[in-house]
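Beneath this line is the structure, given in structure tokens, with notes to follow.
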């Protein structure tokens, strides 16, 4: 198997990034609950503790606020911690340290310090974990200047973006969709980074632009296949990051296609789609729109337990196909 | 030295407070820390302590007074100290201090808006997408006349294209709506049909002069708001004078030359320009001033095999008619030989375009921007002119002044041309 | 000025507070100077505030000078502190330049935070001050994190975490003490118990009598000292700092002190009596230290006055600097939101 055709799972790719970072820089260390011998709730850290010891793969008590704050303090004093929240929902306990401290310390102190901390967390719904273990909070944190908020969609992105995040001098939050951990894909060997501020054209097309990130990019690409069979050539923009948002990529695409669909699992109201729509309407792409901008977002409800309801609360492939078809055919 | 008693700020957003009561009177003894007066704010009343021990003097506020934060309302002098309110006020730090205005909140958006509002298109209450409106502007179609095939009768881009194709009756016009398009040009492009379709054709490349002057003429035409004012001058006597000069010139032993009406016209033009300098000027960048030239170089359009070229005679005001005539002859020869230098073609403040003997009644010359005026002349014609009693045959020269309406208005232009005409009618006026 | 009566016993050499054996005369004078500097800074800040010359609000630590200076006395520039919204004293105790503090206070470009932070966020990383914090309890986990970095980087420094009685009921307090204890980190938790968290007294809000009692719950040594007595505070701090430096882990020092001013300027003092405020005024820590040093022969009246005069000069120069400094420009609003 050549370097580019080796396949890893999303989780393995993240683990590999952590090992590479720790090998290269002794300032890098991991913190989180049950990331040591247990291997992490989603087996992301795996056997890293056996390879790097419990001082570099540190199990914390169940103290998200304290733990996240410790990560902030360590970052302030010369280290590069990577803190794992067991579920993105638990970042709520640490919001004080993330939002009031990490995001703002550099600015409040007039540039005298930087906070090079990474917060990564499993996110999103589809595992039956229900309301308090299934949220998509990216847009909420992306609202805060001083933070960077990113969402990888493939194993290759997961590794490259984590390595970029660790090297970044500012706080980065990485939302890893739980359903992606076991997906496999080609991952280059060795060290490489993927920029945290650039979207990619995951699939070129001319009939409709679909903007998505993370798991939604994967679902959208699948939807694009079905759409192609119906004669709709979709261009898929994989945003990769919500803050900073590469709206330029979406502008260029909409100028080509004249139609825009935003797909995101976060609650529809005031989520990614709200920002992208507004930004497009304010941009030069406005004059190219030949139909209203459509948002396909998460339901206005906590994530339910029952699988039928849980599916209905999150955009599925069929929903994306339907929305994009209607948009392309001029029905909307 | 006396210590100030000030009305303090006690709440974050407080700019003023009301003194509600004094606990001590003028002349009373006070101890540091004891309650001296009470203030009211929108939150609640608050006691304020004496800042020092001594005697309360110079009380200048009474209960009910609403005062800005930091106002001195009294003094605490040492016991036995002679207290002078004026001196105390002068040395007060509060007198020197002034509350700084809170920083104006910067509007935080750093992103510039790429879009500016488009002027209202005809048919504003028509339901059409932005792309459709843009297409309509590009194709010069009134959007209100387009039938929308989208939801709710919404007009989409392809509907506009279809309407344009139907109107042109040209199958070629149905451009794919999703093709990459550049941003709309400011001036609609004129797309020529394929003329070969209709019969035999021959392609003739434009000359170098045409290729260079073409875009410049286009720019002048589009960029300068043109008005052409026409008048006529009675050159009967002037032409008679010209003939005598021409006869002598032809007979010149050393270097024969010709005298046309042009040098005389140029001298008359300079006289008129001196009276109306705004026609010998350029608009300043920014368009808020006229830069008047204090030199008089006149450009003259000369016909060559390749086309019209403007040659410049410098300092026409300083040269005599015959000198100008000789110079025109030399420039003409150079032009025909293709030997004009850049200096020969630059620096004109005003241009005269004479169609010479070809004929015609008038034309609208194009201003040679950045100049602000150009005089077109056609062949003089013998014309019956009413002199108050009878029609007399007079040689009348049509004058057509095209001018930049930003630099001069209609009345001024009319006066300028009239003055020029009158000067040509009696050349003695050029001496004035 | 009120007479401070030193109990006769301290005048006898045998009962001389042991901390004076650790400190040179110059160091003792420096401690007094810093306490005076804090007092005069706070009074000047208050003066600017009531005249409407400064923006926002401020939280004064008048009356708590011995606590700040006593805790910071064993520290060097390599040691770190985190501070609270009532942090001007900690800042000065850790060696800050009052001119830059005044400038920050007035929102000027030359302030410690270039006018971006204001009173509640003053920091001086060059002198090991990781900053005041506007969130009660916000600095605790950060201090523990900084200590974790110290341990990982094998540095010899300690981190002092200042917090108030109000913070000791925040979740962050408990999580931080637990983590610091479990990981044996070089932190000194310095709780300044001024008996009130804003308007709620410690009695009404805290389930233990002394906050130091909570140390036992996290297997840390905890000690309560008279926060207005410099010598007691400094001695406790030396012991805690030595423990941390030796790798024996964190400690908790509770300094019982009092703020004679309100929580912030808009405080109407409805929650405490005038008599209580008066009784603490009589225990002014600066007057106490002056009397103690004179009684022990460590400073003369003249030396004390010279220090006071020097402090006045420093304050005046600082205010002049701040007033003459430029204000920030709106075009620079987005500077330093990110590093890159």
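Here, each number is a calculation from the coordinates, and none is a lab measurement. The structure presented is a predicted model; accordingly, all values stated were derived computationally and were not measured. Please note: Cβ atoms are built from the backbone with ideal geometry, for glycine as well, and neighbour counts cover all protein chains shown.
In bins 5 Å wide, starting from 0, what share of all Cα pairs of the stretch B:3-95 does each bin hold, as a percent?
Histogramming the stretch B:3-95 at 5 Å steps yields 3, 15, 26, 25, 20, 8, 3, 1 percent.
Starting from the alpha-carbon convex hull of the stretch C:192-279, give the projected area averaged over all orientations, in nm².
On the way: hull surface 26.5 nm².
Averaged projected area of the stretch C:192-279's Cα convex hull equals 6.6 nm².
Classify chain C: rounded, prolate or oblate, from the alpha-carbon gyration tensor (a ≥ b ≥ c, eigenvalue square roots; a/c under 1.5 rounded; otherwise prolate if a/b is larger than b/c)? List each step's numbers first, then the result.
On the way: a/c = 1.34, a/b = 1.06, b/c = 1.27.
The shape class here is rounded.
Limiting things to C-alpha atoms, what are the Rg and the maximum Cα-Cα separation (Dmax) for the stretch A:175-266, in angstroms?
Gyration radius and largest Cα-Cα distance of the stretch A:175-266: 13.6, 41 Å.
For chain B, modelled as a GNM with alpha-carbon contacts under 10 angstrom, which of B:234, B:288, B:404 fluctuates the most?
Result for chain B, Cα springs under 10 Å: B:288 fluctuates most.
How large is log10 I(q)/I(0) at q = 0.13, 0.22 Å⁻¹ when the Debye formula is applied to the Cα atoms of the stretch C:230-340, each weighted equally and without solvent?
-1.00, -1.14
Looking only at A:176, A:157, A:189, which one moves most when chain A is put into a Gaussian network model with springs between Cα atoms under 10 Å?
Taking springs between Cα atoms under 10 Å, the residue moving most is A:189.
Using Cα pairs closer than 8 Å and at least 6 residues apart in sequence, work out the relative contact order for chain B, in percent. The partial results should precede the final answer.
Details: 695 pairs, mean separation 52.1, N = 432.
RCO, chain B: 12 percent.
Can you give me the relative contact order of the stretch B:182-315 as a percent, contacts being Cα pairs under 8 Å and 6 or more apart? Let's see the in-between values first.
Details: 79 pairs, mean separation 22.1, N = 134.
This gives 16 percent for the stretch B:182-315.
Would you mind estimating how fast chain A diffuses translationally, via Stokes-Einstein at 37 °C and 0.692 mPa s with the Kirkwood radius over Cα pairs, in µm²/s? Could the numbers behind the result be given before it?
Details: Rh = 20.1 Å.
Rounded, D is 163 µm²/s.
For the stretch A:7-186, what is the convex hull volume of the alpha-carbon atoms per residue, in Å³? Could the numbers behind the result be given before it?
Numbers: hull volume 18.2 nm³, N = 180.
For the stretch A:7-186, the hull spanned by Cα atoms encloses 101 Å³ per residue.
Let me have the relative contact order for chain A, percent, based on Cα pairs under 8 Å that are six or more residues apart. Don't skip to the answer; put the middle values down first.
Values: 763 pairs, mean separation 54.7, N = 332.
Contact order relative to length: 16 percent.
Kindly give the semi-axes, whole Å and largest first, of the ellipsoid equivalent to chain B, taking each as the square root of 5 times a Cα gyration tensor eigenvalue.
Value: 80, 41, 20 Å, ordered largest first.
Order by neighbour count: C:289, B:36, B:245, fewest other Cβ atoms within 10 Å first, most last.
Numbers: C:289 27, B:36 22, B:245 17.
Ordered from fewest to most neighbouring Cβ atoms within 10 Å, C:289, B:36, B:245 come out as B:245, B:36, C:289.
Take every DSSP beta bridge whose two residues both sit in the stretch C:8-322, then give the antiparallel share in percent to the nearest 5. Present the calculation step by step, with values, prior to reporting the outcome.
Values: 3 of 24 bridges.
Of all bridge pairs located within the stretch C:8-322, approximately 10 percent are antiparallel.
Counting DSSP beta bridges in the protein assembly as shown, what percent are antiparallel, to the nearest 5? Before the final figure, lay out each step's value.
Values: 62 of 123 bridges.
In the protein assembly as shown, approximately 50 percent of DSSP beta bridges are antiparallel ones.
Can you bin every Cα-Cα distance in the protein assembly as shown into 20 Å intervals starting at zero and give me the percent of pairs per bin, rounded to whole numbers?
10, 26, 23, 21, 15, 5, 0, 0
Per the Kirkwood treatment, what hydrodynamic radius in Å, one decimal, follows for the stretch A:122-188 from the mean inverse distance over all distinct Cα pairs?
On the way: mean 1/r = 0.0772 Å⁻¹.
Its Kirkwood hydrodynamic radius stands at 13.0 Å.
Just to be sure I understand: with springs between alpha-carbon atoms less than 10 Å apart, which residue in C:163, C:321, C:105 has the highest mean-square fluctuation in the Gaussian network model of chain C?
In this elastic network of chain C, the residue with the biggest mean-square fluctuation among C:163, C:321, C:105 is C:321.
Within a 10 angstrom radius of each residue's Cβ in A:287-299, how many Cβ atoms of other chains show up on average? Whole number is fine. Numbers along the way, then the final one.
Working: counts 13, 8, 6, 16, 7, 3, 0, 0, 0, 0, 0, 0, 0.
Mean partner-chain Cβ count within 10 Å for A:287-299: 4.
For the Cα atoms of chain B, what angle does the longest principal axis make with the long axis of helix B:410-425, in degrees from 0 to 90, nearest 10?
Helix B:410-425 sits roughly 30 degrees off the main axis of chain B.
Quick one: helix A:155-167 against the long Cα principal axis of chain A, what's the angle to the nearest 10°, folded into 0 to 90?
Between helix and principal axis, roughly 50 degrees.
Going by the alpha-carbon gyration tensor, a ≥ b ≥ c the square roots of its eigenvalues, is the stretch B:209-431 rounded (a/c under 1.5) or, if a/c is not under 1.5, prolate (a/b greater than b/c) versus oblate?
On the way: a/c = 1.58, a/b = 1.12, b/c = 1.40.
Verdict is oblate for the stretch B:209-431.
Put a dot 7 Å past each Cα toward the Cβ at residue B:385 and residue B:165; how far apart are the dots in nm?
Label-label distance for residue B:165 and residue B:385, simple model: 6.3 nm.
Using the alpha-carbon atoms, what tilt in degrees (0 to 90, nearest 10) does helix A:247-257 show relative to the longest principal axis of chain A?
Value to nearest ten degrees: 20.
Calculated from DSSP H runs of 4 or more alone, at -39500 (n - 2.57) each and per residue, what is the 222 nm mean residue ellipticity of chain B, nearest 500? Working shown, then result.
Details: 10 runs with 114 residues, N = 432.
Dividing the helical sum by the residues of chain B leaves -8000 deg cm²/dmol.
How many percent of the alpha carbon pairs in the stretch A:200-329 exceed a separation of 26 Å? Walk me through the intermediate numbers first.
On the way: 1208 of 8385 pairs.
Above the 26 Å cut-off, the stretch A:200-329 has 14 percent of its Cα pairs.
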